[in-house]
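Working notes, structure below.
The values are calculated or read from the model by the stated rules, or taken from the named source; none is laboratory data. Computed from a prediction, not measured in an experiment: that's the story for all the values here. Backbone-built Cβ (ideal geometry, glycine too); neighbour counts: all protein chains shown.
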Amino acid sequence: IGSRKKVRIGLRRNARFSLRKSARRITKGVIHVEASFNNTIITVTDPQGRVVFWSSAGTCGFKSSRKASPYAGQRTGVDAIRTVGLQRAEVMVKGAGSGRDAALRAIAKSEEVAGSTQTLQWKCVESRVDSKRLYYGRFILSPLRKGQADTVGIALRRALLGEIEGTCITRAKFGSVPHEYSTIVGIEESVQEILLNLKEIVLRSNLYGVRDASICVKGPRYITAQDIILPPSVEIVDMAQPIANLTEPIDFSIDLQIKRDRGYQTELRKNYQDGSYPIDAVSMPVRNVNYSIFSCGNGNEKHEILFLEMWTNGSLTPKEALYEASRNLIDLFLPFLHAEEEGASFEENKNRFTPPLFTFQKRLT
């Protein structure tokens, strides 16, 4: 299953029907699943990219709104697999129609395709950029034994949401401002609104520790993320993010603090005499993660397929986030892999100190 490629399938109507009737059987090829809001179309090509068969919900007997139903997508997938006789295939996905997942399940559950490859593999079945601050990726891992998909899905979801580092603005200094609800003459937004806008700025960097940045402009003008003077190795993902609007010809400056961290950190609000205010840091490049599990095969050959989808804020692509989360999980389990190497030294030292035995009641006292 790889990244989606463009395949020319612009055949005439008569040519399409003759192609369906005389579809040659191939054992290896590419399955293109295109799911729209009103239909599900599956095109099968050989390794050279030549179309050998196509099927849709309409040709399988579904009409009007039923063509977009999940069951129609399932029937379309079964029709394509049985007609061509594929034993090994890559799957390319396009569109987010309701028949997409059903067609993928039908392809995965096919005895011919599902039983052909037993090597555990990750594949990216869909990747898109919705905006500068919203990336989407959908991945598949298979084949897994019963229960493994849930184990991997839970671990990866927690690692993606909580263990990936991100860079953000953690503090802003305005000068002599009595409190965060104050207003500054010549600025449309209050201090609190400016702090919230700074919190939304998405940064990309590989720095460690705390760095300083600043904003120094003269009004009247709009202040956006591109006005931030950044240290080296720090980039702004979306230069157009708004910060404030200067309505009068005033000099305006902010001293900022940038930090790379992970998770969500909050600080108690205090009345800072020097005009410095903390910003709740959201160092989470991954916005959301979902996973689903499908069982495939028959009898003793049953296995599971894990579908994982995620959205990032643009500072990392979904592939980069998945790689970093996997690396963090591997590092977490490395001590167990080295346990056998350290077994000899443990045997030598275990007799030097015997930990005292405690009963449950003694631990409570």
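Which residues, taken from the stretch 198-253, are under 23 Å from residue 188 (Cα atoms) and among the polar types (S, T, N, Q)?
Selection gives 214, 224, 226, 241, 245, 247, 253.
Which residue pairs have Cβ atoms under 7 Å apart, sit 6 or more places apart or on different chains, and have a first residue in the stretch 153-166 that is charged (D, E, K, R) and a second that is part of a helix (DSSP H, G or I) and surrounded by fewer than 21 Cβ atoms within 10 Å (Cβ to Cβ)?
That search, which allows pairs on different chains as well, returns 163/328.
One line per residue, one yes/no per condition, for (1) under 19 Å from the mean Cα position of the chain (by Cα); (2) modelled with pLDDT of 90 or more:
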{"site": "142", "(1), (2)": "yes, no"}
{"site": "149", "(1), (2)": "yes, yes"}
{"site": "154", "(1), (2)": "yes, yes"}
{"site": "159", "(1), (2)": "yes, yes"}
{"site": "169", "(1), (2)": "no, yes"}
{"site": "172", "(1), (2)": "no, yes"}
{"site": "175", "(1), (2)": "no, no"}
{"site": "181", "(1), (2)": "no, no"}
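Given (1) touching a Leu at 6+ places or on another chain (Cβ under 6 Å); (2) surrounded by 14 or more Cβ atoms within 10 Å (Cβ to Cβ); (3) of a type outside the set (Ser, Thr, Tyr), identify the lone condition not met by residue 220.
All conditions pass for residue 220, except number (2).
If a residue has to be basic (Lys, Arg), in contact (Cβ under 8 Å) with a residue 24 or more places away in the chain and part of a helix (DSSP H, G or I) to count, how many in the stretch 278-336 make the cut?
1
Quick grid of which residues meet (1) modelled with pLDDT of 90 or more; (2) within 27 Å of residue 217 (Cα to Cα); (3) surrounded by 11 or more Cβ atoms within 10 Å (Cβ to Cβ); (4) touching a strand residue (DSSP E or B) at 6+ places or on another chain (Cβ under 7 Å):
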{"site": "240", "(1), (2), (3), (4)": "yes, yes, no, yes"}
{"site": "246", "(1), (2), (3), (4)": "yes, yes, yes, yes"}
{"site": "273", "(1), (2), (3), (4)": "no, yes, no, no"}
{"site": "324", "(1), (2), (3), (4)": "yes, no, yes, no"}
{"site": "352", "(1), (2), (3), (4)": "no, no, no, no"}
{"site": "355", "(1), (2), (3), (4)": "no, no, no, no"}
